[in-house]
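Visitor: Sharing a structure with you now.
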Amino acid sequence: MVLPPVTSTSERPRPTVYFDGACPVCRREIAHYRQGSGEHALNWVDAAACPPGDLGPALSRPQALARLHLRLPDGQLVHGAAAFLAMWAALPDHPRLAAWARRLNRPAVVAVLDAAYSAFLRVRRLWRRAA
């Protein structure tokens, strides 16, 4: 059984973003999203520095560091472009980005975005090693 992120009973469950805090580009991008109410709209987990238990079920540290992952409140784990789209849609201070994410959330578009993200990940390895 997959459990949603721990939240207080008065609070609606939030998606959880798993990001690579050891990657300088990723760290800066996540810092941008966390500004304002983005800090409280999602749960943020630095997969490079967290205890293994913080990754939750079905997500290993190597998987979490390989690409962006997001666990939806229902426990479903998404990664890559789908994780970005879900994250953007949940950011209250970025209404244009959220609207754009909802428009792009179609299988063919997600596949193209995921291919572009995979190309970025090949270059990111070089930045991560330099950090």
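Visitor: Evaluate the relative contact order of the chain (contact order divided by residue number), counting alpha-carbon pairs under 8 angstrom at least 6 apart; express in whole percent.
Guide: Numbers: 181 pairs, mean separation 35.5, N = 131.
Across the chain, relative contact order equals 27 percent.
Visitor: For n ≥ 4 DSSP H runs only, could you compute -39500 (n - 2.57) per run for the chain, divide by its residues and tell me the 222 nm figure to the nearest 500?
Guide: -15000 deg cm²/dmol
Visitor: Please compute the length gained on full extension between Arg61 and Asp93, using 0.36 nm multiplied by the number of residues separating them and subtracting their Cα-Cα distance.
Guide: 8.6 nm
Throughout, read-outs are computed from the coordinates displayed, never taken from laboratory work. Since we're looking at a predicted model, the values are computed, not measured.
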